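The values are calculated or read from the model by the stated rules, or taken from the named source; none is laboratory data. The structure presented is a predicted model; accordingly, all values stated were derived computationally and were not measured. Every residue, glycine among them, receives a Cβ derived from its backbone with ideal geometry; neighbour counts consider all protein chains shown. Heads up: the accessible areas ignore ligands, DNA and RNA and are worked out on the full protein's heavy atoms, side chains in. Shrake-Rupley method; radii C 1.70, N 1.55, O 1.52, S 1.80 Å.
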Amino acid sequence: MDEQIISAWRKKRTEKELSRIPETKKKFKTASGIEVKDVYTSLDVTPETHETLPGLYPLTRGIRASMYRNRPFTMRQVVGLGTAKHANERHRFVLSQGQTGLSNDFDLPTLTGYDSDDDKARGEVGRIGVAIDSIHDMRDLMSEIPLDSVSTSMTINHPAPVLLAMYLAVAEEQNVPWGRLNGTVQNDAFKEFFAQKTFAIGPSPSFRLACDVIEFCSHHAPKWNPISLCGYQTRDCGGTADQELGLTFAAAKAYIDETLKRGVDIDDFAPRLSFLMYVHMDVLEEVAKFRAARRMWARLLREEYGAKNEDSWRLRVHVQTGAALLTAQQPENNIARGALQCFAAALGGIQSMAISTYDEAYSIPSEKAQRLALRTQQIVALESGVTYTPDPLAGSYYVEALTNEIESRAQGWIDEVEKRGGMLAVTESGWIEMLLAEQAYHIQCEIESGERPVVGVNIHEGGDNDAINDDLFRVDPQVEKQQLNRLDSSRRQRDSVRAAEAMTFVKDSLEGTTNVMTSILEAVKASVSVGEIFSVMRSVWGTYKPPGIF
């Protein structure tokens, strides 16, 4: 194949086909704005980019040789509702339906470091996730669930040290050694400021706490993932596929550099660094994104950081399908969207998955919706055949070229962050937030103009636009009262002297430079609450107010 043949083909095609029926767009672009050519050939790739084998450096084709042939992706639908007892019931339901891992979402007060009885928590208790105030709630959340045989994920960031401490303490009560625990705390401090916006303290102290967790787990909980570096929220807020990778890896570098400064060897913690990524509707771009991510991570860890353990090079990814892509109009369409995104993730070689349920545009997931999302994963894993061989799209001229393009663009974003002073600096300045906000605005403009089609919203709008109400989930109005009674009972029954001493221990560790996890463990065992620990943090570090950037 050479350029002359392609030029002649284009000329003939234009004269014969397009003169009669023109193309539907002047330019075809991926969801991230990468222009798509009319044809891809061997001229668009170099052989070495697709002739590597799965499980071999640079791991483009998969982090393990057999991939899903001997290790299916973990199915981990998110649970988070009401009190810990309510969430525990839902956990046991999804496990009974064949789910293979647990994932917890927490309510807004818990995410932002306030107790359920705080004035700021009024009306928000248990609404968008489970309410966790004290170790008693964690016991209820994990009741009848053996912690040594189930992998548990917790979508918690600034309060991650506190909830991890509670989980560790409950494990002790179950006589499960920390070394046998398998799971993840999200614990990504940065993205709370430019994406999710559920921050509890400022950028610098939250960065310190995140690294405390990484350091602590490297010594005491070696199978636990102490951080899940989050590209998901970057993409959900308007970012592109390359920004999702570039900004996430820039954040990873900041955490790695700080942990190395503390004297921890790269191979003692890098194998447990995990990632949370997005799955968009552009199937082939998503496949290329995951392939590029594996290659970039392997090269970064081996070539820049000198990691010798091959597990340090392996990018382990949990994905969730795009929440911002769900529509309240014709919500049944979200079932098809979830299936396509699930298919893309499986083609892309991810390790763990959750599908945003069809009703999440207007509700906490119902049991029916969660079962359907789980069944979708099971159908893709067991019936589609896509799991039979690693990286089945390897060698596709288009996918290989797109993999290279995304990698190049993502590296550009890493370089840009470094030029601007690193991830902490660009988070504090608001630069990322402004970048994503502008892009989100342009996406919305494209949707409103019809340039970006969304079926059921701006095209093919006819049909039933009513929400599916036959199994609509709503938080019981009594949840807040139940949670307040639970918290009040915990405070009345605890040893007040021990609790006060524990909070003093936390304050001393915050004012010093020692790892805070030891003092937080003592505090949660003394039934000190999330809000009480964060009140100590705010007394030391102040209450964070984001800069006015708009």
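Just grab the label-to-label distance for residue 549 and residue 149, each label 7 Å out from Cα along the Cβ direction, in nm (one decimal).
Calculated label separation equals 4.7 nm.
Write down Rg/Rh for the stretch 271-329, rounded to two decimals, with Rg from the C-alpha atoms and Rh from the Kirkwood relation over Cα pairs.
Result for the stretch 271-329 is an Rg/Rh of 1.11.
Restricting to bridges with both residues inside the chain, how much of the DSSP beta-bridge set is antiparallel, in percent to the nearest 5?
About 5 percent, rounded to the nearest 5.
Which value, in debye to the nearest 20, describes the size of the charge dipole of the stretch 238-370 about its Cα centre when Lys and Arg Cβ atoms bear +1, Asp and Glu Cβ atoms bear -1, and nothing else is charged?
About 300 debye.
Which residues does the label zone of residue 303 cover in the stretch 31-63, counting backbone N under 20 Å from a point 7 Å along Cα→Cβ?
Counting backbone N atoms under 20 Å from the label point, the list is 45-63.
Please sort 417-426, 109-118, 267-276 by packing, taking for each peptide the average over its residues of neighbouring beta carbons within 10 angstrom, highest first.
Those peptides, ordered most packed to least, come out 109-118, 267-276, 417-426.
I'd like the accessible area for residue 405, computed on protein heavy atoms only with a 1.4 Å probe and all protein chains in place. Round to 10 Å², please.
Its accessible surface works out to 70 Å², give or take rounding.
Please say if the stretch 405-541 is rounded, prolate or oblate, where rounded means a/c under 1.5 for a ≥ b ≥ c the square roots of the C-alpha gyration tensor eigenvalues, and otherwise the choice is prolate for a/b larger than b/c and oblate otherwise?
In terms of gyration-tensor shape, oblate.
Whenever you get a sec, line up 297, 541, 9 from highest to lowest accessible area (probe 1.4 Å, protein heavy atoms).
9, 541, 297
Quick check for you: with a 1.4 Å probe and neighbouring chains kept, what is the accessible area per residue of the chain, in Å²?
For the chain, the solvent-accessible area averages 42 Å² per residue.
Can you tell me the relative contact order of the chain? Whole percent, Cα pairs under 8 Å, sequence separation 6 or more.
The normalised contact order for the chain reaches 19 percent.
Which residues' amide hydrogens lie under 5 Å from the amide hydrogen of residue 183, considering only partners 5 or more residues apart or on another chain, with H built in the peptide plane?
152, 225
Roughly how much of residue 388 is accessible, in Å² to the nearest 10, using a 1.4 Å probe?
Looks like 130 Å² after rounding.
So what J values fall out for the stretch 25-39 if you push phi through Karplus, 6.51 cos²θ - 1.76 cosθ + 1.60 with θ = phi - 60°, rounded to Hz, Gly and Pro as x?
Values per residue, Gly and Pro as x: 9, 5, 9, 9, 10, 6, 4, 8, x, 7, 5, 9, 6, 6, 7 Hz.
With unit charges on the beta carbon (Lys/Arg positive, Asp/Glu negative), name the residue among 463, 516, 435 whose Cα is farthest towards the positive pole of the charge dipole of the stretch 397-550.
Positive-most Cα among the choices belongs to 516.
When a/c is below 1.5 the answer is rounded, else prolate if a/b is larger than b/c, else oblate, so apply that to the stretch 118-198 with a ≥ b ≥ c taken from the square roots of the Cα gyration tensor eigenvalues.
Verdict is oblate for the stretch 118-198.
Using the alpha carbon gyration tensor of the chain, what are the three equivalent-ellipsoid semi-axes (square root of 5 times each eigenvalue), largest first, in whole Å?
One finds semi-axes of 41, 27, 22 Å for the chain.
Quick one: 3J(HN,Hα) in Hz for the stretch 110-115, Karplus 6.51/-1.76/1.60 with θ = phi - 60°, rounded, Gly and Pro as x.
My calculation for the stretch 110-115 gives 5, 4, 9, x, 10, 7 Hz in order.
Sequence gap at least 6, Cα distance under 8 Å: using those rules, report the relative contact order of the stretch 206-288 to the nearest whole percent.
Relative contact order of the stretch 206-288: 42 percent.
Report the dimensions of the stretch 67-163 along its three principal axes from the alpha-carbon atoms, largest first, rounded to Å.
Cα spread of the stretch 67-163 along its principal axes, largest to smallest: 52, 24, 21 Å.
From the alpha carbon gyration tensor of the stretch 209-304, can you work out the equivalent ellipsoid semi-axes (sqrt of 5 times each eigenvalue) and give them in Å, largest to smallest?
26, 14, 11
About its Cα centre, how strong a charge dipole does the stretch 1-86 have in debye, to the nearest 20, once Lys and Arg get +1 and Asp and Glu get -1 at the Cβ?
560 debye
When N is the residue count of the stretch 14-132, what does its C-alpha Rg come to as a fraction of 2.2 N^0.38 Å?
1.85
Which residues' amide hydrogens lie under 5 Å from the amide hydrogen of residue 230, considering only partners 5 or more residues apart or on another chain, with H built in the peptide plane?
276
Return the FRET efficiency for the residue pair residue 332, residue 382: r is the Cβ-Cβ distance, R0 is 22 Å, and the value is rounded to the nearest 0.05.
The formula returns an efficiency of 0.40 here.
How big is D, in µm² s⁻¹, for the stretch 35-84 by Stokes-Einstein at 37 °C and 0.692 mPa s if Rh is the Kirkwood radius over C-alpha pairs?
D = 221 µm²/s.
Residue 449 to residue 172: extension gain in nm, 0.36 nm per residue of separation minus the Cα-Cα distance?
Difference between extended and current length: 94.0 nm.
At 7 Å along the Cα-to-beta-carbon direction for both residue 458 and residue 9, put a label point, then send me their distance in nm to one decimal.
Taking the simple label geometry, residue 458 and residue 9 are separated by 3.2 nm.
Taking only DSSP H segments of four or more residues, each worth -39500 (n - 2.57), what value at 222 nm results for the chain once the sum is divided by all its residues, to the nearest 500 deg cm²/dmol?
It lands at -14500 deg cm²/dmol.
If you stretched the chain out fully between residue 66 and residue 540, how much longer would it get, using 0.36 nm times the residue separation minus the C-alpha to C-alpha distance?
So the chain would gain 165.6 nm between residue 66 and residue 540.
If you take the beta carbon distance between residue 495 and residue 26 as r and set R0 to 56 Å, what does 1/(1 + (r/R0)^6) give as a FRET efficiency, to the nearest 0.05?
0.20
What order do 16, 545 take when sorted by accessible area (1.4 Å probe), most exposed first?
545, 16
With an 8 Å Cα cut-off and a minimum separation of 6 or more residues, compute the relative contact order for the stretch 353-464 in percent.
9 percent
Which pairs, out of 253/507; 261/545; 16/37, put more than 27 Å between their alpha-carbon atoms?
253/507; 261/545
Counting just the Cα atoms, what span does the stretch 174-265 cover along each of its three principal axes? Round to the nearest Å and put the largest first.
Principal axes ranked by extent give 44, 30, 26 Å for the Cα atoms.
Name the residue from 549, 96, 348 whose Cα lies farthest towards the positive end of the charge dipole of the chain, charges +1 on Cβ of Lys and Arg and -1 on Cβ of Asp and Glu.
So the residue we want is 348.
What's the carbon and sulfur percent of the chain's accessible surface, probe 1.4 angstrom, rounded to a whole number?
Of all accessible area on the chain, carbon and sulfur atoms account for 51 percent.
With charges only on Cβ, +1 for K and R and -1 for D and E, what is the dipole size of the stretch 355-512 about its Cα centre, in debye, rounded to 20?
That gives a dipole near 920 debye.
What is the extension gain from residue 128 to residue 474, computed as 0.36 nm multiplied by their sequence separation minus the C-alpha to C-alpha distance, in nm to one decimal?
123.6 nm
Considering amide H positions built from the backbone, and no H for Pro or chain starts, which residues 5 or more places from residue 36, or on another chain, come under 5 Å of its amide H?
28, 29, 30
How would 124, 332 line up by accessible area, probe 1.4 Å, largest first?
So, going from the largest accessible area down, we get 332, 124.
State whether the stretch 344-434 is rounded, prolate or oblate according to the following rule on the C-alpha gyration tensor (a ≥ b ≥ c being the square roots of its eigenvalues): a/c under 1.5 gives rounded; otherwise a/b larger than b/c gives prolate, and the remaining case gives oblate.
Judged from the Cα gyration tensor, the stretch 344-434 comes out oblate (a/c at least 1.5, b/c at or above a/b).
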